[in-house]
């Protein structure tokens, strides 16, 4: 709100200048104030601020860790999640021992079948020599048929056991992937407990102190890169043809009551909309009420501050 009020006052002041006021040297083409792109750094997790190693005016580097928020509750959540995943794995069934037992049964049954087939061949020779009865041969055939059926049933049991156990394990493990995603979210929260500075710049305002409780989204400090500062100035519609993007201009800032400090600036933005609504019928003089915002990037030597007034001369 304060910045908006300053912006309105600046526009009013600039309009007054365009309506008749002149700069001290009478040659300036535009007027405005300096501003910077301010970043408000907020907490990403809730908790107690264990440390916040910044002071107003501190110069911070991008991605530097400037503070830590208590992460013990998040660590407890992670421990609980790992325990849940461990319990889930124990619920799965290992089908290999049961399958191995059934396969051993088939091996025994196949050996018995081989013996029965061998005995059948011997009995058939004895029957032809009338040394054995057909009943003995029928008994052996019955035994062979039973063994073949047993082998078939055991093979089917193996398939059923594999399918049933696989389905049960699939149901149990279907909960595993969501739990792993939740664990990844917890790990992300642990990383966010470290307050990382997002940009190079100077701390303008500090909103929190170590030991205070914070919440996700609550502002901690405000920072701005002042190495290059922006002059928001205003020009009339008749001056639009004198300026273009990336054009070099001269920026004048008060050095004392009679002198200016000069800087070279680059035009980075020209608004395509007027700040004030024109009257229905305009004269040439009334069109001076139409002002357009421009932004000029100026390399800061340390003397330029946010809110300072500046004047612009088109080169």
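The values are calculated or read from the model by the stated rules, or taken from the named source; none is laboratory data. Model, not experiment: these values are computed from the prediction. Neighbour counts are summed over all protein chains in view; Cβ atoms, including those assigned to glycine, are modelled from backbone coordinates with ideal geometry.
Scanning the stretch 226-246 finds one or more residues that are in contact with a strand residue (DSSP E or B) (Cβ under 7 Å, 6 or more places away or on another chain), in a strand (DSSP E or B) and farther than 20 Å from residue 28 by Cα. Here the condition is being under 27 Å from residue 57 (Cβ atoms) and at pLDDT below 95; of 220, 290, 304, it holds for 304 alone.
Filtering 99, 74, 144, 85 for residues that are touching a residue at least 24 places away in the same chain (Cβ under 8 Å), surrounded by 13 or more Cβ atoms within 10 Å (Cβ to Cβ) and over 60 Å from the mean Cα position of the chain (by Cα) leaves a single hit, 144. Considering (1) assigned by TED's automatic domain parsing to the domain that holds residue 252; (2) surrounded by 15 or more Cβ atoms within 10 Å (Cβ to Cβ), the lone condition that residue 169 does not fulfil carries the number (1). The criterion of at least 3 residues that are under 15 Å from residue 254 (Cβ atoms), modelled with pLDDT of 50 or more and within 42 Å of the chain's Cα centre (by Cα) is met, among strands (runs of 3 or more DSSP E) falling completely within the stretch 6-53, by 30-35.
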